[in-house]
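Written below as structure tokens is the structure these notes are about.
The values are calculated or read from the model by the stated rules, or taken from the named source; none is laboratory data. Because the structure is a prediction, the values reported are computed rather than measured. Methodologically, a virtual Cβ is constructed for each residue, glycine included, from the backbone with ideal geometry; neighbour enumeration extends over all protein chains shown. For accessibility, only protein heavy atoms count, side chains too; no ligands or nucleic acids. Shrake-Rupley method; radii C 1.70, N 1.55, O 1.52, S 1.80 Å.
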Amino acid sequence: MQEPAGQGRLISIIMANHQGARYLRAALASVLAQTHDDWELIVADDGSSDGSVEILQDAAAQDDRVRVLLWETSSGPAAARNRALAAARGAWVAICDSDDIMHPDRLRRLLLAAERLGADAVADDMIHFATEPMAAPRSVFGAGSPDLPRQISPADMLRVPEPGEAGAQLGYIKPVIRREALGALRYDETLTIGEDQDLYLRLLLQGGRLWLLPEALYLYRRHPQSLSHRSSRAHVEASLAALEGLSDRLQFDQRTEITSILNRRSGGFCSGGCPLKRWQRT
């Protein structure tokens with residue numbers, strides 16, 4: 001399929017990095033290999049001391065589409081991504097982590113799908129894989145997703161399937177987002193885990209149209225240092241607290257469904273002072 005001619009197709013790829021030198025070269029190579037070549041890569045390095053800065057500066061010297069933002073001390077992934085977003089110039093924003101890999105044709109396919117669907121954001125399936133022997137590679141959406149492509153709701157974004165239940169936890173996705181639809185939304189810098197899901201939820205609550213696609217074009221690396229593998233009660237409660245401020249934007253049926261989902265996600269550890277309890281009482 002031919003790409004339509006015209007302006008407004010620059011994609012700003014946002015990448016946060018902290019001590020990611022071990023996997024950084026592979027992530028950079030997957031960006032450089034993209035068949036859609038109208039992109040800029042903005043890497044916000046968050047106080048790395050492991051050789052990441054040298055790798056990034058070498059990449060920028062070889063390709064002027066690569067821009068590096070340096071920060072002396074670690075401020076967290078949300079703050080790093082916000083710095084990259086502030087520097088972005090593209091009509092579209094794509095999220096890629098510094099330890100992950102994209103299929104070479106990923107950006108081209110996602111952009112064409114977004115334009116065809118009239119979407120504000122599109123996300124593809126992901127393959128979880130481990131460098132270390134942790135688990136076999138698997139699709140996030142699961143084998144055989146006959147309902148894709150489809151538009152998702154705020155409740156879909158929060159739903160966590162029960163064991164054996166079809167579906168996927170969508171907080172992992174790495175969408176391509178129309179910059180105009182994103183507007184002034186930014187990552188919540190008080191969150192150290194779940195900041196992606198929180199941003200996507202707020203995009204949906206302000207009317208953004210997010211579609212899921214059946215193709216698996218993003219490889220999500222799992223390793224012991226991944227933040228998503230080091231969740232804690234404090235992290236989950238922080239995520240629930242962030243949701244508290246969104247309650248007044250929900251319709252009654254959305255509020256009922258999301259409250260039910262949050263009850264399941266709390267895993268039974270919420271006490272009377274838990275943000276979930278405050279959400280239910282409001």
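For residues that are of a type in the set (D, E, K, R) and open to solvent by 10 Å² or more (accessible area, probe 1.4 Å), scanning just segment 1-43, find the one that is modelled with the lowest pLDDT.
It comes out as GLU3.
Please report, ordered by residue number, the strands (runs of 3 or more DSSP E) entirely within segment 21-98 with at least 1 residues that are within 24 Å of MET126 (Cα to Cα).
Fully inside segment 21-98 and qualifying: 39-46, 92-95.
Among what's in segment 199-212 and is part of a strand (DSSP E or B) and open to solvent by less than 10 Å² (accessible area, probe 1.4 Å), pick the residue that is modelled with the lowest pLDDT.
Residue satisfying both the conditions and the ranking: LEU212.
Being surrounded by fewer than 20 Cβ atoms within 10 Å (Cβ to Cβ) and at pLDDT 95 or above is true for just one of ARG109, ARG81. Which residue is that?
Testing whether each residue is surrounded by fewer than 20 Cβ atoms within 10 Å (Cβ to Cβ) and at pLDDT 95 or above leaves just ARG109.
Can you name the residue in segment 69-78 that is free of Cβ contacts under 8 Å to residues at least 60 places away in the same chain and either farther than 20 Å from GLN57 by Cα or touching a Gly at 6+ places or on another chain (Cβ under 8 Å) (or both) and is also least open to solvent (accessible area, probe 1.4 Å) among such residues?
In this case the residue turns out to be SER74.
For LEU170, state whether it is open to solvent by 20 Å² or more (accessible area, probe 1.4 Å) and over 23 Å from ALA87 (Cα atoms).
So LEU170 fails the test.
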